[in-house]
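One structure is given below, encoded as structure tokens.
The values are calculated or read from the model by the stated rules, or taken from the named source; none is laboratory data. Since this is a predicted model, take the numbers as computed values, not measurements. We place every Cβ from the backbone using ideal geometry, glycine too, and count neighbours over all the protein chains shown. Only protein heavy atoms, including side chains, enter the accessible area calculation; ligands, DNA and RNA are left aside. Shrake-Rupley method; radii C 1.70, N 1.55, O 1.52, S 1.80 Å.
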Amino acid sequence: MRTHQEIDARSLWLHGIIAQRMRNDPTLFDRARQTLGRLLATRPVNEQPLLRQWQEIMDAGIESCIAAMTEDTEAGRQRRQSAPFAGLLPPRERERLLREWSTSHAKA
């Protein structure tokens with residue numbers, strides 16, 4: 001079983017990969033903003049505060065978004081739990097990356 005710290009570290013790592021891709025391909029930022037719009041329209045009230053934070057961050061631009069995605073703080077960890085970046089990595093690539101993480105972080 002993974003610890004919360006391991007899950008948070010893996011999430012930060014994946015968000016770092018997505019952030020770099022977003023910097024190289026700003027259309028990914030646009031796709032994430034569209035996803036955020038859908039999430040705001042469909043998610044329950046208890047998820048709205050984090051989604052609103054993402055909206056404010058993304059309204060400030062791509063660099064603000066990238067900084068928030070890769071922020072290694074408690075607030076950053078909480079925001080990543082409701083991040084609008086699902087689907088930006090193709091499923092097979094995401095699976096490969098998760099296997100890579102698991103292999104490189106396997107317990108001895």
Requested in this report: Evaluate the stretch 27-34: report whether one residue or more is surrounded by 13 or more Cβ atoms within 10 Å (Cβ to Cβ), touching a residue at least 24 places away in the same chain (Cβ under 8 Å), out of contact with any helix residue (DSSP H, G or I) (no Cβ under 8 Å at 6 or more places or on another chain) and at negative phi.
Outcome: yes
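Please verify whether GLN20 is closer than 30 Å to HIS105 by Cα, in a helix (DSSP H, G or I), of a type outside the set (Val, Ile, Thr) and free of Cβ contacts under 8 Å to residues at least 12 places away in the same chain, treating the condition exactly as stated.
So GLN20 fits the description; yes.
Quick grid of which residues meet (1) of a type in the set (Gly, Ala, Ser); (2) assigned to a helix (DSSP H, G or I); (3) in contact (Cβ under 8 Å) with a residue 60 or more places away in the chain; (4) under 23 Å from THR103 (Cβ atoms):
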| residue | (1), (2), (3), (4) |
| --- | --- |
| MET58 | no, yes, no, no |
| GLU71 | no, no, no, no |
| ALA75 | yes, yes, no, no |
| LEU88 | no, no, yes, yes |
Query raised in the report: Take the residues of the stretch 1-26 that are over 13 Å from the mean Cα position of the chain (by Cα) and modelled with pLDDT of 95 or more: which is surrounded by the most Cβ atoms within 10 Å (Cβ to Cβ)?
Result: ARG23
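Condition first: part of a helix (DSSP H, G or I) and either open to solvent by 70 Å² or more (accessible area, probe 1.4 Å) or among the charged types (D, E, K, R) (or both). Now tell me which residues in the stretch 60-69 satisfy that. Please lay out each step first, then the result.
Residues of the stretch 60-69 part of a helix (DSSP H, G or I): 62-69.
GLU63 - this is the single residue of the stretch 60-69 that is part of a helix (DSSP H, G or I) and either open to solvent by 70 Å² or more (accessible area, probe 1.4 Å) or among the charged types (D, E, K, R) (or both).
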Requested in this report: Determine, yes or no, whether THR42 is free of Cβ contacts under 8 Å to residues at least 60 places away in the same chain and either among the hydrophobic types (A, V, I, L, M, F, W, C) or exposed (fewer than 11 other Cβ atoms within 10 Å of the Cβ) (or both).
Outcome: yes
